[in-house]
Amino acid sequence: MPRDLSPQFIAKALGLLILAAAAACFALAPLIGEALFASMWGVEPLTYIGAALLAIGLAILLLAFALPQMTSKYTGGSQRHAQDWSSVTQQYFELFDHDLGRPLRRILGKERELRAYLRASENGANNEEVVELLDEIEMQAPNFRLMMSNIRVLIQLEAPDASFEPQPVEVSAVVRRIIDRYNPVADEASKSITWWADPPEFGIVYSDSAAIEHIVTNLVDNAIRFARSQVEVGLTREDSHFSIHVWDDGEGVAAHYRPHVFDRGWTPAVARREEKTSSGLGLYIAHTLSTRYGGNLTIESATSTGPDDHTAFVLTLPSFTAPKVAAAR
């Protein structure tokens, strides 16, 4: 632990604590929120409290990361200082993520046990209120995981000299795992999600499995949110690179919005001066990661106000062959 409790350290620690409290509110809201608060307020406020804490925590973290840059012209060695704090922050977040992951896994385990009990009981399957509550818990689990993962990657991106060693990755297995995770979310929204690979025996590429999974997870989460009824994920490969296509049949992204979809914190609500319904970080993180690993992420969309409307994101990454490659910046 650093001996000098500087304002940056205190701000980062405070921001992470607030994010942890926000995550706890999101996890507990489906379980106890309504029962705890309905008689007092007539509403279930844990979700709103969690959203407010999330916004405050992210704001404090962003300010903490910005402070060293704002003062760098007045102090020497600022780059090394920022890297040291990034490492410390990463360590703290790993602890929070681990501690929050355990109760989430336990909640999901109990949710599956309760489903099994309802199926086995005589009238359990007809208890629609309980089944809907269980569906909501299962549907929110991927969102919670993605939120925590996005925060972790934001911290990692603050280390500009990060490098990685390419490892063999079975991309089709990574995509299949993401599809399985989001199938309950798609089913709950009456949407379908499918995937394919060309060639069908896609084989092994040399890249970073965690980065691929994080990028594609953000793209799939975004596609399910905006699709009308269908999401499709496709894999293609060439000798030196491979591509992952994420397509949805939503209303499309207007041409004047497309140059901004990868901007940090940007959503169409920002341009319309409306309340944001998402952080606007998912696509920014996906694009930044793809660039850092020597690839690219592009968008193609049609807004014909008809059945041909769609949006497609195409992730292209190199398949490395060298044993060690420094990450592109």
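Tallying residues that are more than 18 Å from the chain's Cα centre (by Cα) and of a type in the set (Lys, Arg) within the stretch 220-247 yields 2. Kindly provide the set of residues from the stretch 211-247 that are without any contact (Cβ under 8 Å) to a residue 60 or more places away in the chain and polar (S, T, N, Q), ordered by number. Of everything in the stretch 211-247, those that are without any contact (Cβ under 8 Å) to a residue 60 or more places away in the chain and polar (S, T, N, Q) turn out to be 229, 230, 236. Can you tell me which residue in the stretch 185-204 is farthest from residue 298 (Cα to Cα), limited to those that are among the β-branched types (Val, Ile, Thr) and out of contact with any helix residue (DSSP H, G or I) (no Cβ under 6 Å at 6 or more places or on another chain)? Residue satisfying both the conditions and the ranking: 204. I need the full set of residues from the stretch 276-298 which are at pLDDT 95 or above and β-branched (Val, Ile, Thr), in order please. 298 - this is the single residue of the stretch 276-298 that is at pLDDT 95 or above and β-branched (Val, Ile, Thr).
Among the residues of the stretch 159-166, are any modelled with pLDDT of 90 or more and surrounded by fewer than 19 Cβ atoms within 10 Å (Cβ to Cβ)? No, the stretch 159-166 contains no residue that is modelled with pLDDT of 90 or more and surrounded by fewer than 19 Cβ atoms within 10 Å (Cβ to Cβ). Restricting attention to the stretch 148-207, the residues being farther than 30 Å from residue 24 by Cα and part of a helix (DSSP H, G or I) number 3. Among the numbered conditions (1) at pLDDT 95 or above; (2) touching a Leu at 6+ places or on another chain (Cβ under 7 Å); (3) surrounded by fewer than 21 Cβ atoms within 10 Å (Cβ to Cβ), the only one that residue 175 does not meet is (3). Among the residues of the stretch 138-151, is there at least one that is under 23 Å from residue 283 (Cβ atoms), among the β-branched types (Val, Ile, Thr), at pLDDT below 95 and not assigned by TED's automatic domain parsing to the domain that holds residue 311? Looking through the stretch 138-151, at least one residue is under 23 Å from residue 283 (Cβ atoms), among the β-branched types (Val, Ile, Thr), at pLDDT below 95 and not assigned by TED's automatic domain parsing to the domain that holds residue 311.
The C-beta contact set for the stretch 107-130 (first residue within 30 Å of residue 23 (Cβ to Cβ) and among the polar types (S, T, N, Q), second residue in a helix (DSSP H, G or I) and modelled with pLDDT of 70 or more, distance under 9 angstrom, 6+ apart or interchain) comprises 127/118.
The values are calculated or read from the model by the stated rules, or taken from the named source; none is laboratory data. In this text the structure is predicted, and so the values were computed from the model without any measurement. In this analysis, Cβ positions are derived from the backbone assuming ideal geometry, glycine residues included, and neighbour counts consider all displayed protein chains.
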